[in-house]
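A quick write-up on the structure given underneath.
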Amino acid sequence: MATTHAPSTSTGSIRSLIPARLDRLTWSKFHTRLVIALGVAWVLDGLEITIAAAVGSELTKSSALGMSSGGVGDIASWYLIGEVVGAIFFGYLSDRLGRRNLFTLTLGVYLVGSALTALTWSGGLGGSVFLYATRVIAGMGIGGEYAAINSAIDELIPAHYRGRVDIAVNGTYWAGSILGTLGSLVLLNHLADNWGWRIAFLIGPVLAIVIIFVRKNLPESPRWLVMHGREKEAEEQMDRIERWSGEKGELQPLDDSKAIEVKPSEPFNPVSLLRMLFSKYPSRSVLGASLMITQSFLYNAIFFTYTLVLTKIYGVNPKSAPWYLLAFAAGNLIGPLTIGRLFDTIGRKKMIAGTYILSGALLAVSAELFREGRLNAQTQTIWWAVIFFFASAGASAAYLTVSEIFPLEIRAQSIAVFFAIAQCFGFLGPHIYGHLIGNGQDHFKLFVAYLIGAAVMVVGGVVEIFLGVAAERKSLEDVAHPISAVLRVPDLGMGRGAPGAAPAR
């Protein structure tokens, strides 16, 4: 039987062709607008992290806030704490209330938090507390964006393009880093001490205001609507998407065998979510945690101590350090944009394992060159740009993995859980590497630290070899069959539960 809409059954379940209708679409202006409107979340995160690092020395001046070096260092920590809290809280709401509601709310939270940061007028304890509080608010908005936006993108982008699009979007974090570096260089060098850093923190909110209007007309995920029993709304949104894609009159009816049948159920709470992840999907949970932890440890270790290495070991003038950061960021941006499509063609397992292991091996080689004293600031930067060309694509694929290997009912919360786990372990990197750098005299300790970072990435690649899921060009419902599905089929990877089993809530 060929049809466009699969009729609902008399048993209270919903039978729908919406996933198949979404996946058969070809790329259109609608998808481009969707990616631009939603993908800005990673640009904003890269922007915030980079600006906070770039203006740190300004905040220590008496003409600004007169903060201590330790106090400035805590700015990033409070922002990351906010990201973790926001990811968990808004991830839960995204699975419960919908993607569209949350990606509007989270952007607004970020806008308020970052704008308030620029209004920190006093130094001392009161000013520091206010500054840290605004950083937590801004971080919560961005953390919530990660959960809501990754879910929305993966559920709305056709399966054929999902890998390359998700990886490219995650990689645009480094576009934000470049923007933040250039903006900071211009503002800090041309404005008074007490004004340059404030205006730098307003770059993100200005961009957010524009994006809020762009997002206003985006649809809710029809997949999410179906899973929550809102069949009529799902059909309306699907019809809009097909019209916006310019294919409504050209699409042929789909065979009814491509339909899914689900029986909407109550949402998961945090306790039932964790029980679900680590009891029904243990192998997939180990995979997601491994990929997220390893890339987070390496990135935070290298990126947050990069300036220390340049200035204390290679003697680079602190004012010149941002130019080296631009080269590093460029390598990280180019990687996902150029080789991301290979994750859809060669495949997830081969590419994720390959990028992790190759970046680890190259880091080990550069560590030996560093120990032998054969690198300078320029060659070290070139090595890291090449290493993270591959590592960035792999790290972006880690976010893709935790988004697509778990069912839609818990997708946003799953992203939030593994993002939070990664950030908690990621804190260790800068702390360990910062102490090993010290005054820059003992290179052997840092050499060992680099080898540890290399080994960590290789471990992530090996885990992918054994537990990875071949999700390329497959429908999300085939990669992770809905928990609420009436009829079950085997999942593609590890961690499959018993067909039809209803989890406790």
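None of the figures in this text is laboratory data; all of them are computed from the coordinates on show. Nothing here was measured: the structure is a model prediction, and the numbers come from that model. When we count neighbours, we look across all protein chains shown, and the Cβ atoms used for this are built from the backbone with ideal geometry, even at glycine.
Across the range 396-407, rounded Karplus estimates of 3J(HN,Hα) from the backbone phi angles (6.51 cos²θ - 1.76 cosθ + 1.60, θ = phi - 60°) give 4, 5, 5, 5, 4, 4, 5, 7, 9, 8, 10, x Hz, Gly and Pro being marked x. Within the same chain, aspartates and glutamates fewer than 8 places from K61 are excluded, and of the rest, those with a Cα less than 13 Å from its Cα are D193. For the range 121-246, a simple Cβ point-charge model (Lys and Arg +1, Asp and Glu -1, everything else neutral) yields a dipole of about 300 debye relative to the Cα centre.
Of the options [x] 1.20; [y] 1.87; [z] 0.99, only one is Cα Rg over 2.2 N^0.38 Å as computed from these coordinates, and that is [z]. Measuring between alpha carbons in the structure, the pairs from K258/K350; K216/K349; K312/K350; K216/K474; K349/K445 lying more than 32 angstrom apart are K216/K349; K312/K350; K349/K445. The phi torsions of the range 41-57, fed into the Karplus equation with coefficients 6.51, -1.76 and 1.60 and a -60° offset, translate into couplings of 4, 6, 4, 5, 5, x, 4, 5, 4, 5, 5, 4, 6, 6, 8, x, 5 Hz, rounded to whole numbers, with Gly and Pro shown as x. Neighbour counts of other Cβ atoms within 10 Å put L451, L102, L179 in the fewest-to-most order L451, L179, L102. Calculated [222 nm] ellipticity per residue, helices only, for the chain: -23000 deg cm²/dmol; basis is -39500 (n - 2.57) per DSSP H run with n ≥ 4, divided by all residues, nearest 500. A cut-off under 14 angstrom between Cβ atoms defines the neighbours of W195, and their net charge, with Lys, Arg +1 and Asp, Glu -1, is 0. The Cβ shell under 9 Å around L408 holds other residues with a net charge of -2, Lys and Arg each +1, Asp and Glu each -1. Evaluated with a Cβ-only charge set (Lys, Arg +1; Asp, Glu -1), the range 40-168 carries a dipole of roughly 140 debye about its Cα centre, given to the nearest 20. Ordering S392, F343, L375 by Cα displacement along the dipole of the range 294-422 toward the positive end leaves L375 in first place; charges were set at the Cβ atoms of Lys, Arg (+1) and Asp, Glu (-1).
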